[in-house]
Amino acid sequence: MAELLAIYNEEAGGADEAARTAATEILRAGADVIDVPVGRKDLDEMLDASPGADVVVMGGDGSLHVTVATLRRRGELGSRTVGLVPLGTGNDFARGMGIPLDAEVAARIVLAGRPRALDLLADDADGVVVNAVHLGVGAEASARAQPLKPGLGRLAYAVGGLLAGVRGPGWRLSVTVDGRPLAEGRPVLMVGVGNGVTIGGGTPLTPRARPDDGMVDVVVSMTTGPVDRLAYALRLRRGSHPGMRDVVTDRGRTVTVTGEPVPVNADGELTGPVTRRTWTVMPAAWRMFT
C-alpha cells in the first residue's frame, strides 16, 4: 500500500475534529497512513521519519503554505506529491482547484492518486506563495480578521475588510510586471498577485488566474477615495473589480513592488511592512492530487 503522511495542526482555527477523523479513516482504507499533529518545529522530523511518503495536508491555506515551503527548502517538491483535505477557515486554494470542501470526498480524491503539476511563486526573501499574495488594504483586513476568526469563522474576513477599508490610508507604490510599469508612484489601495483565484474565503482577487499556466495575474487598485473604496470592496466580492476605472491588471512571470512600507499577506501569512519585494513564477514546481 502507498504510504501517506497526513499532517494537521491541532490549533488551527478552522479545524473540525470529526471531519478530520472521518477523512483519515477513508485514507486508511486505501493507504498506509501516518496521522500526526505537527507544527513548524517538528514537520522536518516527521518528513525525515517517512522519507518515501506523500504528504496530505489536513487544513487550510496556511498549513498548505508551510508544507510546500518546507518541501521546497528540503529539495523534495519533485519527490513527494501533496494531497489536500480542506479543513481551514478560508480554503481558497481548494476552491480554486475545484477540490470539494467535504473532507471525506477530498480524501477520496487523494486516494485516486492523480497528480497535477502546479506553479509556485518564489520571492526574493526566500519565501513562497502557493495561492495568492496581496499587499495594502487586503493584508490590513487580514490582520484585523485574525483575532475574530475563532468566533466569526469566514465572516471575520468581511468584518476585517470593512474595518480596513474605512481606515486604510493607501500607500504610494510602484508595480512592474516583467519590467513593464503597471503603477508608478501613485497612491495604491491594494496590489494582488494571484496564482490561484480567491482570497479571504472566496473573494475572487484574480478571477482569471490559473495555477498551472506558467503565469501570474496581477491587479492594482488605485481607488483610494472613500466612495471609490466602497465601490471597490463591493465589486471585489463579485470579481468584477478589474473593470473599474482606477484598477489596472496584467499577467507575467515576474512582479516587483516598491515604495512606502506596506503590509503583505502571502497565503494568509502576514509579514512586512516591506518597501520592496519581487515574486517570480516557478512553472510546474510541485504536484498535487486533484
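Any read-out appearing in this document is the output of simple, stated calculations on the displayed coordinates, not a laboratory observation. Treat the numbers as computed from the prediction; the structure is a model and nothing was measured. Cβ placement follows ideal geometry from the backbone for every residue including glycine, while neighbour counts extend to all protein chains displayed.
Structure data summary
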item	result
Loop-exposed trypsin sites (Lys or Arg not before Pro) per DSSP, neighbour cap 12 Cβ within 10 angstrom, longest uninterrupted part of the chain	42-244
Pairwise Cα inverse-distance average, inverted: Kirkwood Rh of segment 215-290 (Å)	14.7
Residues with amide H under 5 Å from that of G268, placed H, sequence gap 5 or more	none
Helical contribution to [θ] at 222 nm, DSSP H n ≥ 4, -39,500 (n - 2.57), averaged over the chain, rounded to 500	-9000 deg cm²/dmol
Exposure rule at most 13 other beta-carbon atoms within 10 Å, DSSP loop GluC sites (Glu not before Pro): the chain longest free segment	12-290
J(HN,Hα) series, segment 265-276, from Karplus relation 6.51 cos²θ - 1.76 cosθ + 1.60, nearest Hz, glycine and proline x	10, 10, 6, x, 8, 8, 9, x, x, 10, 10, 7
Net +/- balance of residues flanking A18 in space, Cβ distance below 12 Å, scoring K and R +1, D and E -1	-3
Ratio Rg/Rh [Cα only; Rh per Kirkwood] for the chain	0.97
Pair D48, A117: separation of 7 Å Cα→Cβ label points (nm)	3.2
Cβ-Cβ FRET estimate between L234 and E76, R0 fixed at 51 Å, reported to 0.05	0.75
Amide H partners (placed H, <5 Å) of L120, local residues excluded	M282, A284, A285
Enclosed volume per residue, in Å³, of the convex hull spanned by Cα atoms of segment 1-96	92
Under-5 Å amide H pairs with T81, H placed in peptide plane, nonlocal only	V55
